[in-house]
Structures are given as C-alpha cells and as structure tokens.
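Working notes, beginning with the structure itself.
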Amino acid sequence: MTLTLTPPAPETSTQRTASKAADELFTEHGVLPVTMADIATRAGLSVEELRAAYPTKQLLVVAVLRRWHGAWRRALAHIAEASDDPRDEILGIFSYLEECFADEGWRGCAFINGHAELGRQDPVIADLAAEHFRDVEHHLALLCARADLPAHIAETLSLLVEGARVESAVQGSAKPARSARLGAAMLMSVFEERSAF
C-alpha cells in the first residue's frame, strides 16, 4: 500500500491523542531517540493501546507528517480567504511562516527534519517529504498563473519558502521569513515593471 499525505480516513480520538504526543516528542528530540513507550507515556496511553492505534513508529511518523501537511493546507486556505490579489496571497504565505517561526515551540519544518533524519533509510518518509515540497511548488505555480507571473517563478518562490524554513530552525529566529518575503516582493516587482511596458 502506498502511503500519501492524504489520510485514508479521519483519525480516531485515540489516534489523534497519539499523533499529537508523537508530534511533540519528535519536535523536541527527533524521531530516532523516541520510543513507542515514550509516546504512550506522553499520550497517557498504554503501549498496547498505542500499538492498536498505530502499530509501528513509522506509521506515527506518517501521521505526524499528515498533521503538518493538513495544518499547512488549512493555512493556505485561510490566506486565500483573506487575500483579493494573488500577489498578496503569495506574500501572505511568508507572513504565515513568520508567525510559525516566532512560536517558541518551532524547531523547524517536520518534512525537512524528517527527511534529514530518516529520508536516506526510509523511502516512505522521503516520498512524503517530496510530495509536500511538490504541493508547495504546485500551489505557488497556481498563484503565479493567477498573478500573470512566469511559471518558473514558482520554483524560486518555493526555494524561498524552504530556505526560510531551514534558516529559521538554525537561527531560532523569525527573521528569515521577513527576508524571504522581501525577496519574493522584489522578484514579483521585477515582472510587474516589465508587464507595464
């Protein structure tokens, strides 16, 4: 069975409790040091209850990545609702990242961290990270099309998003989001000026 970022069914209450606990522990410590017993304790479940909800730690990693991807998609929908102009929508993504980076619990993007820690040994996690990155770029490509920006700009904007995520984790700062937002605004202004001629 191929695992994707789209869950086949909503999580049960126990699964939500387990994946939330796993998310917290993976964010704090990384995936490899965390045991199923650690997750069960954090979730207030027995190991048997945890394994009934998620039989393997890999499935918990998948559940956590689905949580992150779902949060990302909900944020994009909220930004779209609040923006009349696709260019403002693009810039809104970087404003959302700034909010994420400013959170004291931010330890970096789960997809970047997960790929760095597990991607070489676990093709499922590598594939899910790649799926998320493709989704980011695809969304930006749709916005670029609506804004009459060249299609290849989406790739550059995607690099600004991912670069900001990495640098924020290293710096422990929200500043990379502001820098990336400025870079995106400057890039879009170049093509706005060209289209005016």
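Here is how the numbers come out for the structure above:
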read-out: Label zone at L142 (point 7 Å along Cα-to-Cβ), backbone N below 17 Å, segment 56-91; value: 69-91
read-out: Between segment 136-197 and segment 77-94, the Cα center-to-center distance that results, in Å; value: 12
read-out: Length released on extending from A130 to A71, taking residue separation times 0.36 nm less the Cα-Cα span; value: 19.5 nm
read-out: For a label point 7 Å along the Cα-to-beta-carbon line of E99, residues of segment 51-74 with backbone N under 15 Å; value: 71-74
read-out: Rounded tilt (10° steps) of 86-102 against the dominant C-alpha axis of the chain; value: 40
read-out: Residues D88 and H29, FRET efficiency given R0 of 41 Å [Cβ-Cβ distance, rounded to 0.05]; value: 0.60
read-out: Extension gain (nm, one decimal) between H152 and L187, 0.36 nm per residue minus Cα-Cα; value: 11.4 nm
read-out: Label selected from [x] 74, 34, 30; [y] 44, 35, 31; [z] 67, 34, 32, the criterion being Cα extents along the principal axes in Å as computed here; value: [z]
read-out: Computed over segment 81-182: relative contact order in percent, which uses C-alpha pairs under 8 Å that are six or more apart; value: 40
read-out: Sequence of H69, H29 once ranked by neighbouring C-beta atoms within 10 Å, starting from the fewest; value: H29, H69
read-out: Proxy reagent accessibility, fewest Cβ within 10 Å first, across W106, W72; value: W106, W72
read-out: FRET efficiency for A37 and T12, using Cβ-Cβ distance with R0 set to 35 Å, rounded to 0.05; value: 0.95
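Every number in this text was worked out from the coordinates using simple rules, so none of it is lab data. Computed from a predicted structure; not experimentally measured. Because the Cβ atoms are built from the backbone with ideal geometry, glycine has one as well, and the counts that use them run over all protein chains shown.
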